[in-house]
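Please read the structure below before turning to the comments.
The values are calculated or read from the model by the stated rules, or taken from the named source; none is laboratory data. Please read all numbers here as calculations on a predicted model, not as lab measurements. Cβ coordinates were reconstructed from backbone atoms using ideal geometry, including for glycine residues, and neighbour counts include every protein chain displayed.
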């Protein structure tokens, strides 16, 4: 279980001489709760936001062309476009709709579709679920792979109109709660609404001792679901209410999955303690790399050698902006950022070393005021195409091009079971004897 200090490394403080501050010690002042919230809500301009934070505003627009361009607002603020100035890399062989509409656009053979189901943080909001990246594979099996499964990811999955029974392959980067907390729902609840073919297959890293590894985690989830599993006896396929886990050595770079033309490679990354990994997926000459939570790590850069189409890497806001959401001093905010995560400057260095065709920032606190500051700092170190991902950012990856859009979704889609591959005949279970006198008869 993470300590309070580690949990707060995710969202830390700012030192700002603004109205509404209060003295915390002799040499620093911290925003009050109300002024912090106002700072994060306000859709001020880039220059104003930088000035408020005491940052140098020189070079905000590095070319005449960029001076006339502005980043689209996040979807929770009414935006409909991806947060980028370069939504297309390459020359697509077909025309894509401005927004991705689930159920109206088939995945092509040989294509990858990468959807950010959770772009956010340990706390969930209506605008940002916790960690989760979905990859749809354009192979004959139309495999679906999920990388991390934090809170809110499954709610977003339902909005994509994809079949529930296809969601049975999960790759966990590490065992912080915001990367695995929807596992209970996938194993227990989704078995009741169509995920009926068999177990959830989970791949994840080992730890420095057995209790810190994915195998122990999966066995604990199975144990925690005992009442749910027993209660489903009869109507539900018992095989669908369990986890089949493959734990791999976190310290090695090695292939952990190779099926149906899809290869997944795990590599170690630096994050809080031993046992965190990132993943590379290869299919039909296309590639996708995902950092999970990580400080800048050489194994990730080496995993990108030979070229990578899409790299999604965590990117926390500058410590000054991050601090606006909490009450830590700026000194502690900087320590927290540098100890466990990647700043925009550091992300820019990683992208420069890895050289992806398209780069995505992820695990970022999204606010209209922070986003341009993140772009400004990152672009001081990286000049390639970059996207600030948010929930329902969709990348179509083909040999010819990478196209990024936002999905247009409805919040209340029911689960779609899909076509079962395993036939299970349910039966009426024998009720407990005491129910005879406890149940109210209904004529």
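Data table
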read-out	value
Sole exception among (1) farther than 26 Å from residue 264 by Cβ; (2) within 20 Å of the chain's Cα centre (by Cα); (3) in a helix (DSSP H, G or I) for residue 347, by number	(1)
Flag if residue 342 is touching a strand residue (DSSP E or B) at 6+ places or on another chain (Cβ under 9 Å), at pLDDT 90 or above and farther than 18 Å from residue 75 by Cα	yes
Count - residues of the range 351-396 that are at pLDDT 95 or above, over 23 Å from residue 112 (Cα atoms) and part of a helix (DSSP H, G or I)	2
Selection within the range 98-128 - over 16 Å from residue 411 (Cβ atoms), out of contact with any helix residue (DSSP H, G or I) (no Cβ under 9 Å at 6 or more places or on another chain) and in a loop (DSSP other than H, G, I, E, B)	98, 104, 105, 106, 107, 108, 109, 110, 111, 119
Extreme residue, modelled with the lowest pLDDT, among residues of the range 52-71 that are closer than 30 Å to residue 126 by Cβ and out of contact with any strand residue (DSSP E or B) (no Cβ under 6 Å at 6 or more places or on another chain)	52
Residue check for residue 225: buried (at least 17 other Cβ atoms within 10 Å of the Cβ), under 22 Å from residue 179 (Cβ atoms) and over 22 Å from the mean Cα position of the chain (by Cα)	yes
Answer from 305, 320 - the residue that is over 20 Å from the mean Cα position of the chain (by Cα), on the phi < 0 side of the Ramachandran plot and not in a helix (DSSP H, G or I)	305
Flag if residue 246 is more than 20 Å from the chain's Cα centre (by Cα), modelled with pLDDT of 95 or more, part of a strand (DSSP E or B) and over 30 Å from residue 432 (Cβ atoms)	yes
Boolean, residue 333 is at pLDDT below 90, buried (at least 16 other Cβ atoms within 10 Å of the Cβ) and within 23 Å of residue 303 (Cα to Cα)	no
Extreme residue, farthest from the chain's Cα centre (by Cα), among residues of the range 130-167 that are under 24 Å from residue 211 (Cα atoms) and part of a loop (DSSP other than H, G, I, E, B)	151
Residues of the range 317-338 satisfying the condition of being closer than 24 Å to residue 304 by Cβ and touching a residue at least 60 places away in the same chain (Cβ under 8 Å)	337
Restricting the range 87-97 to residues that are in contact (Cβ under 8 Å) with a residue 24 or more places away in the chain and not in a strand (DSSP E or B), the residue that is surrounded by the fewest Cβ atoms within 10 Å (Cβ to Cβ)	91
Those residues of the range 168-185 which are within 15 Å of the chain's Cα centre (by Cα) and surrounded by fewer than 22 Cβ atoms within 10 Å (Cβ to Cβ), in sequence order	175, 177, 181
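For every residue, the table says whether it meets (1) surrounded by fewer than 24 Cβ atoms within 10 Å (Cβ to Cβ); (2) out of contact with any strand residue (DSSP E or B) (no Cβ under 8 Å at 6 or more places or on another chain); (3) farther than 23 Å from residue 376 by Cα.
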{"site": "262", "(1), (2), (3)": "yes, no, yes"}
{"site": "277", "(1), (2), (3)": "no, no, yes"}
{"site": "297", "(1), (2), (3)": "yes, no, no"}
{"site": "317", "(1), (2), (3)": "no, yes, no"}
